[in-house]
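Worksheet: the structure to be examined is printed underneath.
The values are calculated or read from the model by the stated rules, or taken from the named source; none is laboratory data. Computed from a prediction, not measured in an experiment: that's the story for all the values here. Reconstructed Cβ throughout: ideal geometry from the backbone, glycine too, with neighbour counts over all protein chains shown. To get the accessible areas, we keep the full protein, side chains included, count just its heavy atoms, and leave off ligands, DNA and RNA. Shrake-Rupley method; radii C 1.70, N 1.55, O 1.52, S 1.80 Å.
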Amino acid sequence: EGFSSVKCFLSLYRFQACVYFASVFQAMSCGIHYLASVFMAVTPNFVCGFPGNVSSVLFHNSSASSIEDIWTLWTSTENYIVVQLENGEIWELDQCSRSKREVSLDLAYEYKGNKSVFPCSDGFLYDNAKWKSTVVTQWDLVCDREWLAKLIQPTFMLGVLIGAVIFGDIADRLGRQRVIWFTSAGQFVFGVAVAFTFDYYSFVIARFLLAMVSSGYLVVAFVYVTEFVGIKARTWASMHVHAFFAMGIMVVALVGFLVRTWWVYQIFLSIATLPFVLCCWMLPETPFWLLSEERYEDAQKVIDTMARWNKVSTPCKVSELCSVQQDDVASGRTGGDDTSSAKKHNILDLFCNWQIARRTITVWLIWFTGSLGYYVFSLSSVSLGGNEYLNLFLIGAVELPCYVIACIAMDKLGRRNTLIPFLILSALICVLIMFIPQDFNILIILANMAGKFSIGVAFGLIYLYTAELYPTIVRSLAVGSGSMMCRVGSVVAPFCVYLRSVWIFLPLLLVGIMALLSGILTIMLPETLGKPLTNTLVEATEMGRSKKNCSEKTPPAHSGAALEKIEMFGQERINIDK
């Protein structure tokens, strides 16, 4: 049924298909910029610099004329290199300090005599075999400045959080089209600007602005396409916005493999979606937003254009739609309970009773765990051994089938019955990886791909499931608060990855614990497949208490047009970035 819906969408709705693919194509740039730092902020092998010209280099039992010949033998950060300068001085070079031997008679690796310790005032020497330049080597973000390198990804994710809030609100006020234009151009401008920053702080500021516009685009583009796509194809269309994001991750791996200088790498990533920037001005405003702003003539023009593209001989008239909506609103006012819809609601309504509060805590935990697991698997993929570029490419590619499986399973098995096994499976995979020997690189990579696949299914499903778990009056509030927890998870994820330096399996252990806890708590959530959306907190609470189908209850009267907007916007209103 799902595949037939997509086929019908492509064949009958040419206009919507063109708008959809044009819009989600730019979503690749979001995936590109979100994961760009995995190669741009790489820390290669390094040692302290030395004052003078080197005549010979010694590393254990191997000697060479230059340090570049020694890097292939470097196996641990605890190693040190012995160099003899042309003036006869002998220095021991560690990563964050250097020692001058007081007696420099014979060049030997082991030395028991007196040494004078000095700081790395002459800079650092880096292994340029894989990367000619990274932001770490550009500004010496090592040793006592290492914490600055570790802030690069978290500050970007903080920009993601702020940008989603700001541009989501602006899109409701000024329209989706204008925000699409601005954020698309902003991604290109700020993306290129990052490559030409002159110091670390300007680099972080430019990346922060880039994160804001990238996040803003992803949020608004999701709303934009769901307002154009029909109901039958909406689930598949919305889920596969994630797929284009994953394709962006694959582009990062490819460009990282081909370009080894960080600022050139950044420029290539920024121009990858330049074609969309040049043609995005052709995208129309959505009829729904135009109608909400009472711009009826503009809405009619868009509808007429859609009709011509789709070869519809009798396009609908805005005047007819407005008259129907007014009749529905008038009849709704004469209905029963109108006070609850008029009441203003806040975040406390998500904790109005024990049933709803427990549901909210569980949903928030799933959002947080999904985002945390998604980025832990993605960011740590380059540290699994083997070819780091291939690892990241595969981690992105495995998402493409995962969203297809998610769409099929959530319609066949149900939302909860799909979410539980995949959350628990991801926890089991995290445990399994801990028992795989470190020299079995292929098995480790395959296990990480399986972990990313399982957490990806859960992460993609939770958007729709959250909207179906809550009533109309707090639905946007529930999805919005859940997406905020998602962003918190994305900010925490880089710090979680850094815990590999404490214990290599600690990030996986944390993700596994969170996924297992989320999976167990999900058992207490009600199934929503085939059930009508609830309208009041009482109905939502009863859905959790009773196993009877909620369709036996008759929901309060609502405007037909309003209900359609609820189903269109409420279910997928805030697909904030991953």
(message) Let me spell out the model: positive unit charges on the Cβ of Lys and Arg, negative unit charges on the Cβ of Asp and Glu, origin at the Cα centre of the stretch 46-129. What dipole size does that give, in debye rounded to 20?
(response) 220 debye
(request) Would you be so kind as to identify which of Trp71, Ser99, Asn53 lies farthest towards the positive end of the dipole of the stretch 46-129, taking Lys and Arg as +1 and Asp and Glu as -1 on Cβ and the Cα centre as origin? (result) Ser99
(request) Please work out the C-alpha center-to-center distance from the stretch 105-157 to the stretch 181-221 and express it in whole Å. (result) 29 Å
(request) Over 32 Å between C-alpha atoms is what I'm after, so list which of Lys452/Lys531; Lys100/Lys132; Lys150/Lys412; Lys317/Lys412 land there. (result) Lys150/Lys412; Lys317/Lys412
(message) Could you sort the peptides 393-402, 515-524 by per-residue average Cβ neighbour count (10 Å cutoff), highest mean leading?
(response) 393-402, 515-524
(request) Sticking with the crude label model, points 7 Å out along Cα→Cβ, report the distance from Ile408 to Glu86 in nm, one decimal please. (result) 6.9 nm
(request) Decide, for the stretch 348-543, between rounded, prolate and oblate: order the square roots of the alpha carbon gyration tensor eigenvalues as a ≥ b ≥ c, take rounded if a/c falls under 1.5, and otherwise choose prolate if a/b is larger than b/c, else oblate. (result) prolate
(request) Show the residues, 5+ positions off or on another chain, whose built amide H is closer than 5 Å to the amide H of Ser55. (result) Gln84, Leu85, Glu86
(request) For Lys112, Lys301, Lys150, give the ranking by accessible area with the largest first, probe 1.4 Å. (result) Lys112, Lys301, Lys150
